[in-house]
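Q: To start, I am sharing the structure in question, which I have written as C-alpha cells.
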Amino acid sequence: MKRLSKKQMRIFAVGQLGWSTLSGIISAWFVTFYLPTQVDIEGGAIQYIVPGLVIGGFLTVLGLITALSRVFDAITDPWIASLSDRSTNKRGRRIPFMQYAAIPLSVVTVLLFCAPVNTISGWNIAWISVFIVLFYLFMTMYCTPYNALISEFGKTQDDRMYISTAISLTFFAGTMLAYTPFVFAGMLRGSVGFAWSYRICFIALAVISCICMLIPTFCLNEKEFVDTKPSNVNMLKSLGATFRNKDFRTFVGSDIMYWVGLTLFQTGLPFFVKVSMQLDESFTMYFLGGMTVLSACFYPFVSKLVKKFGKKKLVITGFLGLALAYVIAGLIGIIGTTVIPGVVYGVLICVIAAFPMALLGIIPQSIVADVAEADGIETGENREGMFFAARTFAMKFGQSLAMLVFTSLAIIGTTQNANSNDITASVTGMILVGFVAVAFCTLGAILLGFYNEKKIMATIEKKNKK
C-alpha cells in the first residue's frame, strides 16, 4: 500500500483544525454564553436558563445537562468505534463517517447557541439538552474514525511522529481560533447585540471548520493507503479486548492524569491571573498565546528527541515539567506579588510549561498508535478505532474530573453565592489547585513508568522485518 507524502499528512491534519475549532467553541463559550456573569448581564447578555447552584446546592442546571451529555458521550465513543472498525464501506472504514459527520457537527454547534426564548424558559433547557447531545454524537462520529487513521496512515514511526506533530499544531491553531470571539464579538456588539455578536462569530468559525473537516475526506482516498480487514468483533467484546491489553491500561491511567493536569491549567489560568497574580484578565490571552507560540517552536525537535530517548522517557519528562509549572503557580499565593510581580510569575510559568506541552501534545497520540498496531499484530484484530475511542474517553473523564476538582477547591476560603454564576475563587483555593495539579502530574509520570515500551516496539519491529 502507498505511504502518505508529507503534503498529504498536512492535508490530513487540516481535519483536526476543523474539529478542534468547534470543540474549542464549546469549551470556551458554552458556559460563558449560558451562565453570564453580572457584568455580562449589565452589558446586554440574556439569561436563558435558571442561574446559580440550584440543584442540590452545588450544581447548576447547565452543569447537570453537561454531566448527562457526557454520560451519553461515553456510551457513543465505543459504539461509533465499533461501527467504524467493522465497516465494510467500499470507500474505507473511516472516511465515510467523517464525511457524513462534518456538516451536521458544524450546524449543530451553531444551533446550540440559538436558544429559542429570550428569557429564562424550560424550552431553552430542552433545546440545549438536545443539541449538546447531538454535538457530542457528531463530534464522536468525526473524531473517533479520524484518530484511528493516525495508526493506519502512519506506516512508520517517522510517519506517525510527523502526523502527530502536524495534528498537534492544528489542534492548537483551532483552539486559538475558538478564542477569536474575544476580539470580534466586542466589535459587533454595538450593531447586533450581545447574543448575535457571538452567534455571527460562531457561524463564521463553523463554516471554516466544516470546510477544513471535509478537505481530507475529499483529498485522501483511504483505500489507497489502508488495506485493513474489518473487525468482526461486536462492541462489548472489542472494548473488553482493548482494555485487556495491560500496556494500554497503563497508558490510559497515565493519560487521565495528564488530562486532569492540562484541564486544571486551562481552567485555572484566568483565576491564577486575576486572583493569585492580581492582574487584569486580559493577561490570560497574552500568557496562553505566548505559551502556545513558544511550545510550537519546540515541535520540530520532538521527533529527533524521540529517536534518541524514546517516547516513554519524554512523556515522563513532560509530566514532571508540567508539575514544576504548577509548583510555581501554587507558590504565587504563598510568596505573594510584592517581591515578585505577577507578570514575572506568568511569564515564568508559560516558559516552563511550553516544552512539556509540546511533548505531551505530540507523543501520546503516537503511543496509542503503537499499542494499537502491536495489539493488531498479536491478536489479528484491527481495532484501531476502539483504542482511540478509549483514549478519547480517558480525555473526557480527565476533563470532567478536573472541572469537579477545580470548582471544589477554588472556592475554599470564600462564601460562594449560590444564586450567582460567578465562581468566587480565593488565594487559598488557587494554592490548593496548584499543588493538587502537581500531585496528578506526578502520579501520571509514575503510572507511565510501568508502560513496557520495549515490548511494544519489538513487536512492531519484528513485523516490519518480515
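The values are calculated or read from the model by the stated rules, or taken from the named source; none is laboratory data. Computed from a prediction, not measured in an experiment: that's the story for all the values here. Virtual Cβ from ideal backbone geometry, glycine too; neighbours counted across all protein chains shown. Calculation scope for accessible area: heavy atoms of the full protein, side chains included, ligands and nucleic acids excluded. Shrake-Rupley method; radii C 1.70, N 1.55, O 1.52, S 1.80 Å.
Q: For the range 413-426, does any single residue satisfy the condition of being crowded, with 22+ Cβ neighbours inside 10 Å and in contact with a Leu (Cβ under 6 Å, 6 or more places away or on another chain)?
A: The answer is no, given that none of the residues of the range 413-426 is crowded, with 22+ Cβ neighbours inside 10 Å and in contact with a Leu (Cβ under 6 Å, 6 or more places away or on another chain).
Q: Look at the range 331-363 and say how many of its residues are part of a helix (DSSP H, G or I) and either open to solvent by 30 Å² or more (accessible area, probe 1.4 Å) or farther than 26 Å from Tyr299 by Cβ (or both). Spell out the reasoning first.
A: Of the range 331-363, the ones part of a helix (DSSP H, G or I) are 331-335, 342-363.
Next, from what is left, pick out any that are either open to solvent by 30 Å² or more (accessible area, probe 1.4 Å) or farther than 26 Å from Tyr299 by Cβ (or both): 331-335, 342-344, 347-348, 351-352, 355.
Qualifying residue count for the region: 13.
Q: Also: Return the total of residues in the range 152-164 being outside any helix (DSSP H, G or I) and either among the hydroxyl-bearing types (Ser, Thr, Tyr) or open to solvent by 20 Å² or more (accessible area, probe 1.4 Å) (or both). Can you show your working first?
A: We begin by selecting, within the range 152-164, every residue outside any helix (DSSP H, G or I); these are 154-156.
Subsequent filtering for residues that are either among the hydroxyl-bearing types (Ser, Thr, Tyr) or open to solvent by 20 Å² or more (accessible area, probe 1.4 Å) (or both) retains 155-156.
Total satisfying the criteria: 2.
Here's the yes/no breakdown for (1) among the polar types (S, T, N, Q); (2) at pLDDT below 90; (3) open to solvent by less than 20 Å² (accessible area, probe 1.4 Å):
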{"site": "Ala81", "(1), (2), (3)": "no, yes, yes"}
{"site": "Asp85", "(1), (2), (3)": "no, yes, yes"}
{"site": "Lys90", "(1), (2), (3)": "no, yes, no"}
{"site": "Ile95", "(1), (2), (3)": "no, no, yes"}
{"site": "Ala101", "(1), (2), (3)": "no, no, yes"}
{"site": "Pro104", "(1), (2), (3)": "no, no, no"}
{"site": "Thr109", "(1), (2), (3)": "yes, no, yes"}
{"site": "Pro116", "(1), (2), (3)": "no, no, no"}
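Q: For Ile167, indicate whether it is of a type in the set (Val, Ile, Thr), at pLDDT 85 or above, under 16 Å from Phe12 (Cα atoms) and open to solvent by less than 10 Å² (accessible area, probe 1.4 Å). If you could, list the steps in order and put the result at the bottom.
A: Working: of a type in the set (Val, Ile, Thr): yes; at pLDDT 85 or above: yes; under 16 Å from Phe12 (Cα atoms): yes; open to solvent by less than 10 Å² (accessible area, probe 1.4 Å): yes.
So Ile167 passes the test.
Q: While we're looking at this one, here's another question. Within the range 34-44, count every residue that is open to solvent by 10 Å² or more (accessible area, probe 1.4 Å) and in contact with a Phe, Trp or Tyr (Cβ under 8 Å, 6 or more places away or on another chain).
A: As a first pass, look at the range 34-44 and keep what is open to solvent by 10 Å² or more (accessible area, probe 1.4 Å): 35, 37-44.
Subsequent filtering for residues that are in contact with a Phe, Trp or Tyr (Cβ under 8 Å, 6 or more places away or on another chain) retains 40, 43-44.
Of the residues in that region, 3 qualify.
Q: What single numbered condition from (1) within 22 Å of Asn234 (Cα to Cα); (2) among the aliphatic types (A, V, I, L, M); (3) more than 22 Å from the chain's Cα centre (by Cα) fails to hold for Ile120?
A: Result: Ile120 fails condition (1) only.
Q: Also, quick follow-up: Among the residues of the range 289-310, what is the count of those that are buried (at least 16 other Cβ atoms within 10 Å of the Cβ) and free of Cβ contacts under 8 Å to residues at least 60 places away in the same chain?
A: 1
Q: While we're looking at this one, here's another question. Considering Lys313, Lys274, which residue is at pLDDT 85 or above, open to solvent by 20 Å² or more (accessible area, probe 1.4 Å), assigned to a helix (DSSP H, G or I) and among the charged types (D, E, K, R)? So that I can check it myself, show each step before the final result.
A: On the way: Lys274 fails: at pLDDT 85 or above.
The unique qualifying residue is Lys313.
Q: Looking at (1) under 25 Å from the mean Cα position of the chain (by Cα); (2) open to solvent by less than 40 Å² (accessible area, probe 1.4 Å); (3) under 22 Å from Ala390 (Cβ atoms), which is the only condition Thr228 fails?
A: With respect to (1) under 25 Å from the mean Cα position of the chain (by Cα); (2) open to solvent by less than 40 Å² (accessible area, probe 1.4 Å); (3) under 22 Å from Ala390 (Cβ atoms), Thr228 is out only on (1).
Q: Please name all residue pairs, on different chains or six or more residues apart, with Cβ atoms under 7 Å, provided the first residue is in the range 234-258 and is outside any helix (DSSP H, G or I) and the second residue is open to solvent by 10 Å² or more (accessible area, probe 1.4 Å) and at pLDDT 90 or above.
A: Going by the 7 Å Cβ cut-off, there are no qualifying pairs.
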